[in-house]
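For reference, the structure is listed below as structure tokens.
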Amino acid sequence: MIALGSDHGGFQLKDEIIKYLEDNNIEYKDLGCYTTDSCDYPDFANKVAKSIQNNECDKGILICGTGIGISIAANKHKGIRAALCHDCFSAEATRLHNDANVLVMGGRIVGPGLALKIVEIFLSTDFSNDERHIRRINLIEE
């Protein structure tokens, strides 16, 4: 199950991602926002992070205008490794090396075509389980 969240700056891209998830029969929870009215991105970062912490969802996708603020807000939560990715290589590398559990993008930075490819790569790439990467993740979690 994928937890989705965005502020007003990521609302339109979130809708594109929802279509992609539905077309590919991927279960998701849309945790807001639901309009383009101005709202506060930490509210949605918190909802997505808590849904992962509570094991309601396996991974999350967050979107704000740049992706920066919402990733900062998500990463304050224990056990959340939110990675801001605006290219395919970063999406793959962060899953392989960091076991990132939240993909973050900027709705005003990345177009829908590239964003959907990033989502596909993020969701289909498994963590490498290499000892050095496990060690580094443990250091992050301390």
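If the condition is being within 21 Å of THR66 (Cβ to Cβ) and either of a type outside the set (S, T, N, Q) or surrounded by fewer than 22 Cβ atoms within 10 Å (Cβ to Cβ) (or both), then region 1-11 contributes ALA3, LEU4, GLY5, ASP7, HIS8, GLY9, GLY10, PHE11.
The single condition among (1) touching a residue at least 60 places away in the same chain (Cβ under 8 Å); (2) crowded, with 16+ Cβ neighbours inside 10 Å that GLY79 does not satisfy is (2). Residue-level check: of (1) in contact (Cβ under 8 Å) with a residue 24 or more places away in the chain; (2) within 25 Å of LEU139 (Cβ to Cβ); (3) polar (S, T, N, Q); (4) surrounded by 15 or more Cβ atoms within 10 Å (Cβ to Cβ), SER51 misses just (2).
Applying a threshold of 7 Å to beta carbon distances and a minimum spacing of six or more residues, or different chains, the list of pairs starting in region 114-134 at a residue that is within 16 Å of ASN25 (Cα to Cα) and ending at one that is hydroxyl-bearing (Ser, Thr, Tyr) and assigned to a helix (DSSP H, G or I) reads LEU116/TYR20; VAL119/TYR20. Just one of (1) closer than 22 Å to ALA3 by Cβ; (2) modelled with pLDDT under 95 fails for LEU139. It is (1). Counting the residues of region 54-66 that are farther than 19 Å from GLY9 by Cα and either surrounded by 21 or more Cβ atoms within 10 Å (Cβ to Cβ) or at pLDDT below 95 (or both) gives 1. Number of residues in region 66-79 that are under 10 Å from the mean Cα position of the chain (by Cα) and over 17 Å from ILE118 (Cα atoms): the value is 2.
In the condition set (1) loosely packed, with under 15 Cβ neighbours inside 10 Å; (2) outside any loop (DSSP other than H, G, I, E, B), ARG95 is compliant with all but (1). Of all residues in region 101-119, those satisfying the criterion of being in a helix (DSSP H, G or I) and surrounded by 15 or more Cβ atoms within 10 Å (Cβ to Cβ) are PRO112, ALA115, LEU116, LYS117, ILE118, VAL119.
Can we say LYS14 is crowded, with 21+ Cβ neighbours inside 10 Å and touching a residue at least 24 places away in the same chain (Cβ under 8 Å)? Yes, satisfied. Against the list (1) in contact (Cβ under 8 Å) with a residue 12 or more places away in the chain; (2) within 17 Å of LEU4 (Cα to Cα); (3) surrounded by 14 or more Cβ atoms within 10 Å (Cβ to Cβ), the condition CYS88 fails is (2).
The values are calculated or read from the model by the stated rules, or taken from the named source; none is laboratory data. These numbers come from a predicted model, not from an experiment. Here Cβ is always computed from backbone atoms with ideal geometry, including for glycine, and neighbour counts include all displayed protein chains.
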